[in-house]
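Asker: Next up is a structure, given as structure tokens.
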Amino acid sequence: MPELQRLRADHAPALLAFEREYRAWFARTISDRGDAYFAEFPARHQALLTYQDEGTDHFHVLVADDGTTILGRFNLMDIEDGEAELGFRMAESATGQGLATQAAHAVCHLAATDYALTSLRAQANLDNLASHTVLTRAGFTVTGETVLRNGTAGRRYVKELAGGAAGATGL
């Protein structure tokens, strides 16, 4: 069973491989990270770990049974006043198996129990049906339409958390 892990320094090589391998796949429904992201990856990874240490963000990776391959990312970003933004992406090879929904449930549980968050926000491109399905199955409700950073139309979501009531999963 894949395992959701808090981002660590030693995840860097596998995370970079994940981002490179699925770059074109991700760009179909979300903004491409651009060449600079890959060129500056070591510094970017270290910055994420610093944000995590400071408590402004919490980053997670879904690691395959082999213990090294990354299947997805699940991030809680821009934490303020008990709220955070959930962002996630999955490897194309790991879609359609319910793993994203399970990992989203697990991150919601961590948000409530380990990080003491009370509310999560999320958004997805209108064309990204898989993300809408994951968010709905993870208990998020639609709050409206929005324009995403890449200029495309999207949908906003929210999920209220109640100290541990987010629901644990087998991940």
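What follows draws every value from the coordinates through simple rules; no lab data is involved. Everything numeric in this text was worked out from a predicted model, so none of it was measured. Heads up, the Cβs are rebuilt from the backbone with ideal geometry, glycines too, and the neighbour counts pull from every protein chain shown.
Asker: Based on C-alpha coordinates, I'd like the Rg and Dmax of the chain, in Å.
Answerer: Radius of gyration, then largest Cα-Cα span, for the chain: 15.1, 41 Å.
Asker: In nm, to one decimal, how far is the Glu40 label point from the Asp53 one, both placed 7 Å along Cα→Cβ?
Answerer: 2.0 nm
Asker: Mind ordering 34-40, 45-51 by average Cβ neighbours within 10 Å, highest first?
Answerer: Ranking the peptides 34-40, 45-51 by packing returns 45-51, 34-40.
Asker: Still on this structure, please answer the following. Quick check: from the Cα gyration tensor, does the stretch 1-96 come out rounded (a/c under 1.5), prolate or oblate?
Answerer: rounded
Asker: Which order, highest average first, do 126-132, 154-160 follow once you tally other Cβ atoms within 10 Å for each residue and take the mean per peptide?
Answerer: Details: 126-132: 16.1, 154-160: 18.7.
Ranking, from highest mean packing down: 154-160, 126-132.
Asker: With point charges of +1 on the Cβ of Lys and Arg and -1 on the Cβ of Asp and Glu, referenced to the Cα centre of the chain, which listed residue (Leu16, Gly96, Leu86) lies farthest in the positive direction of the dipole?
Answerer: Toward the positive end, the furthest listed residue is Gly96.
Asker: Using the Cα gyration tensor of the stretch 52-138, with a ≥ b ≥ c the square roots of its eigenvalues, what is the shape: rounded (a/c below 1.5), prolate (a/b larger than b/c) or oblate (neither)?
Answerer: Here the stretch 52-138 falls in the oblate category.
Asker: Oh, and also: For the stretch 85-155 and the stretch 1-43, write down the distance between their C-alpha centroids in whole Å.
Answerer: Taking the Cα centre of the stretch 1-43 as reference, the centre of the stretch 85-155 is 17 Å away.
Asker: Sorting check: for 62-68, 145-151, 14-20, which peptide has the highest mean count of neighbouring beta carbons within 10 Å, and how do the rest follow?
Answerer: Highest to lowest by the protection proxy: 14-20, 62-68, 145-151.
Asker: Dipole size in debye (nearest 20) for the chain around its Cα centre, Lys and Arg Cβ +1, Asp and Glu Cβ -1?
Answerer: Once rounded to the nearest 20, the dipole reads 440 debye.
Asker: Running Debye on the stretch 4-47 with equal point scatterers at the Cα sites and no solvent, what base-10 log of I(q)/I(0) appears at q = 0.20, 0.22, 0.27 Å⁻¹?
Answerer: Summing over Cα pairs of the stretch 4-47 leads to -0.68, -0.81, -1.06.
Asker: Here is a follow-up. Could you give the length gained on full extension between Ala27 and Leu126, defined as 0.36 nm per residue of separation minus the Cα-Cα distance, in nm?
Answerer: Difference between extended and current length: 34.2 nm.
Asker: Dipole magnitude of the stretch 55-117 about its Cα centre, charges +1 at Lys/Arg Cβ and -1 at Asp/Glu Cβ only, in debye to the nearest 20?
Answerer: So the magnitude is around 260 debye.
Asker: Report the local net charge at Ala103: Lys and Arg +1, Asp and Glu -1, summed over other residues whose C-beta lies under 12 Å from its C-beta.
Answerer: +2
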